[in-house]
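Presented below is the structure to which this report refers.
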Amino acid sequence: MSDKLTIAMPKGRIFEEAAQLLVKAGYNLPPEFEDSRKLIIDVPDEPFRFMLAKPMDVTTYVEHGVADLGIAGKDVMLEEERDVYEVLDLQISKCYLAVAGLPDVKIKGVAPKIATKYPNIASSYFRENGEQVEIIKLNGSIELAPLIGLADRIVDIVSTGRTLKENGLVELEHIADITSRLIVNPVSYRLKDQQIDEIVERLSSVVSQ
Amino acid sequence: MFEKPLGMRDTLPALYEAKKKIRNAMSSQIESWGYQFIETPTLEYYETIGEASAILDRQLFKLLDSQGHTLVLRPDMTAPIARVAASRLYQGEYPQRIAYSANVFRAQQHEGGRPAEFEQIGVEYIGDTTTSADAEVISLMIASLKQAGLTNFTVPIGHIGYVKALFMEIVGNEARADVLQRYLYEKNYVGYREHVKKLPLSSIDKQRLLSLLQLRGNDSKIEKAKDLVECEEGKNAAAELEMLWKKLEAFGVTEHIKIDFNLVSHMSYYTGILFEVYAENVGFLVGNGGRYDHLFEKFDRPAPATGFGIRVDRLLEALDLPQEEPEIHCVIFSAEQREEAIRFAMSKREKGERVILQDIAGVKDVDACTNAFAKNTFFLGTTRKEEA
């Protein structure tokens, strides 16, 4: 085992924002990872390396301890309920979870169908609101579901609202605000506390409060 | 393949040997501190054990007996031991030192691959309120982990009484204090900070609540914790940790100890000093424990108590022992030399070797049979031949 910390990073848009944040915190990152297809990226100048994961899987890697730290959306954390420390709100990738659907459509039936990538969040949200629903899990293009009659409404993340608008959907209910969080494996948090505390401190000083 | 229920596992010989090694190492250490092992039933009444245990209701395996009573597969050993220790069955006077090594059962919510049945080794020290009892339990835990071969591990120690006192002092009522405590329990420091910012408190009090998150590290944090709290309960709790630290120094185990005033292992079970164990190579908690002074009230014989429980499967993962099947010596014989073969096998067994006696008439493929063993001896016809 190396002494380097492993940070699980989500592939895609959040990765860039998170990398910028680390640069802002004074970390010297190699310039070329944008177009790399490597899944493990060494950062020679710093005491950590990155592993790239699907955003939904970051919490899993961190919970199992194969990554010491991770950057995960609050949406993923709410959905997965993993046993990890949530130590810092990075204030990046801001968006929110919402219920959306076609405008002016009356809900029919005793249990309206809800399509979502977040079955746990959706089912606990509707349960708390006393609504009886049927959850349909999809892995992407959730907006399609109400258009072709698979579901009455959807639960999904909304950042600009453009996808909803372009597909003729409207936001109906706001569930929760989402940003990316720095998460830590409980064992690493104990055994590598000094290294981790340093990263947390440096990042928290550049995160806009 | 015949399927097993979710989370249930078979233990094959190599793993069995490794587990046995750990179990023997830990129990010999525990016994040498004068603790006595007991066994309790696998099934208990839901009303007595299920409700008293620290394990969440949804993690219990419940079933009905033929009279319709709800039973549980024991989810931990602490509640059954409290039941025994509080009953008349157990005549002893307090303090009592009891140990156990047993399988416990917890239904899993997440992936089906996680074990729902696993072995726990631990102790309960009943009837002693002093921090000497806490120090003994923690030191014994460290000694037994070391005996099992664990080297790189950390034991964060906290005090739930301190956390509760600080919260009550600042937010004034239990409901509000519980909200804050839940954030710590869920390890959600972001949520905790957000919540504190929104509370209708003076900026000084908000800062005090936020400062709690910094009380993590070496024993110097105990002094800081004392300064942070004003009420007597809080100061006493910090003083208890201070005393504990000194006693742990006397045991010589403080290199493994960290102080963490944010440690909340459970929402309501623990009542004072509490601790967890984390080890390199395993992503999850290896064990935990603490003081649970209210459990015995549920069994009508109030008594203070403290203890620890170690998960053998996680410890095994942390130790990364080579999983080898034991060396077995195979003696293959034919009818003519049966007696010689038996005598030979017996003498080897007496010396502690593991010896198989195999009649050659019972083997279809002699080569395949001999290849399976580390050592073979043949008593065939009139010859005797040894082969490594």
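Per-structure values
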quantity: Counted residues, the range B:317-344 - those being under 13 Å from B:Ala279 (Cα atoms) and touching a Leu at 6+ places or on another chain (Cβ under 8 Å); calculated: 2
quantity: Some residue of the range B:211-225 being farther than 23 Å from A:Leu88 by Cα and either part of a loop (DSSP other than H, G, I, E, B) or in contact with a Lys or Arg (Cβ under 6 Å, 6 or more places away or on another chain) (or both); calculated: yes
quantity: Subset of the range B:221-238 [polar (S, T, N, Q) and within 14 Å of another protein chain (Cβ to nearest Cβ)]; calculated: none
quantity: The range B:122-154, residues that are part of a strand (DSSP E or B) and within 17 Å of B:Trp33 (Cβ to Cβ); calculated: B:Gly122, B:Val123, B:Glu124, B:Tyr125, B:Ile126
quantity: Residue within the range B:237-247 that is assigned to a loop (DSSP other than H, G, I, E, B) and buried (at least 19 other Cβ atoms within 10 Å of the Cβ) present; calculated: no
quantity: Segments classed as helices (runs of 4 or more DSSP H), wholly inside the range A:4-110, with at least 3 members that are within 14 Å of chain B (Cβ to nearest Cβ) and under 27 Å from A:Leu138 (Cβ atoms); calculated: A:58-63, A:74-80
quantity: Qualifying residue in the range B:279-295 (condition: surrounded by 17 or more Cβ atoms within 10 Å (Cβ to Cβ), part of a strand (DSSP E or B), of a type in the set (Phe, Trp, Tyr) and within 12 Å of another protein chain (Cβ to nearest Cβ)); calculated: no
quantity: Qualifying position, being of a type in the set (A, V, I, L, M, F, W, C), surrounded by 19 or more Cβ atoms within 10 Å (Cβ to Cβ) and either within 20 Å of A:Asn185 (Cα to Cα) or within 14 Å of chain A (Cβ to nearest Cβ) (or both), among B:Phe153, B:Phe167; calculated: B:Phe153
quantity: Evaluation of A:Ile142 against (1) of a type in the set (A, V, I, L, M, F, W, C); (2) touching a Lys or Arg at 6+ places or on another chain (Cβ under 8 Å); (3) touching a residue at least 60 places away in the same chain (Cβ under 8 Å) (one fails), failing number; calculated: (3)
quantity: Any hit, the range B:84-100, residues being in contact (Cβ under 8 Å) with a residue 60 or more places away in the chain and part of a loop (DSSP other than H, G, I, E, B); calculated: yes
quantity: Per-region count, the range B:260-278, residues crowded, with 24+ Cβ neighbours inside 10 Å and part of a strand (DSSP E or B); calculated: 5
quantity: Single residue of the range B:187-202 satisfying the filter (without any contact (Cβ under 8 Å) to a residue 12 or more places away in the chain, within 14 Å of chain A (Cβ to nearest Cβ) and outside any strand (DSSP E or B)) that is surrounded by the fewest Cβ atoms within 10 Å (Cβ to Cβ); calculated: B:Lys198
quantity: So B:Cys330, is it in a strand (DSSP E or B) and in contact (Cβ under 8 Å) with a residue 24 or more places away in the chain; calculated: yes
quantity: Filter pass, B:Pro75 being modelled with pLDDT of 90 or more, touching a strand residue (DSSP E or B) at 6+ places or on another chain (Cβ under 8 Å), part of a loop (DSSP other than H, G, I, E, B) and crowded, with 16+ Cβ neighbours inside 10 Å; calculated: yes
quantity: Residue identified as in contact (Cβ under 8 Å) with a residue 60 or more places away in the chain and under 29 Å from A:Ile183 (Cβ atoms) among B:Val179, B:Val163; calculated: B:Val163
quantity: The range B:51-67 residues that are more than 16 Å from B:Ser268 (Cβ to Cβ), paired with ones that are at pLDDT 90 or above and of a type in the set (D, E, K, R) (beta carbon under 7 Å, 6 or more apart); calculated: none
quantity: Pick from the range A:123-134, criterion touching a strand residue (DSSP E or B) at 6+ places or on another chain (Cβ under 8 Å) and under 21 Å from A:Cys95 (Cβ atoms), ranking: surrounded by the fewest Cβ atoms within 10 Å (Cβ to Cβ); calculated: A:Ser123
quantity: From B:Arg349, B:Arg354, B:Arg384, residue being charged (D, E, K, R) and touching a Phe, Trp or Tyr at 6+ places or on another chain (Cβ under 9 Å); calculated: B:Arg384
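For (1) within 14 Å of chain A (Cβ to nearest Cβ); (2) within 16 Å of the chain's Cα centre (by Cα); (3) surrounded by 14 or more Cβ atoms within 10 Å (Cβ to Cβ); (4) closer than 17 Å to B:Leu295 by Cβ, each residue gets a yes or a no:
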{"residue": "B:Gln59", "(1), (2), (3), (4)": "yes, no, yes, no"}
{"residue": "B:Ser66", "(1), (2), (3), (4)": "no, no, no, no"}
{"residue": "B:Ala79", "(1), (2), (3), (4)": "no, yes, yes, yes"}
{"residue": "B:Ala86", "(1), (2), (3), (4)": "no, no, yes, yes"}
{"residue": "B:Ile98", "(1), (2), (3), (4)": "no, yes, yes, yes"}
{"residue": "B:Ala102", "(1), (2), (3), (4)": "no, yes, yes, no"}
{"residue": "B:Ile138", "(1), (2), (3), (4)": "no, yes, yes, no"}
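The values are calculated or read from the model by the stated rules, or taken from the named source; none is laboratory data. Just so it is clear, the structure is predicted and the values come from calculations on it, not from any experiment. Cβ coordinates were reconstructed from backbone atoms using ideal geometry, including for glycine residues, and neighbour counts include every protein chain displayed.
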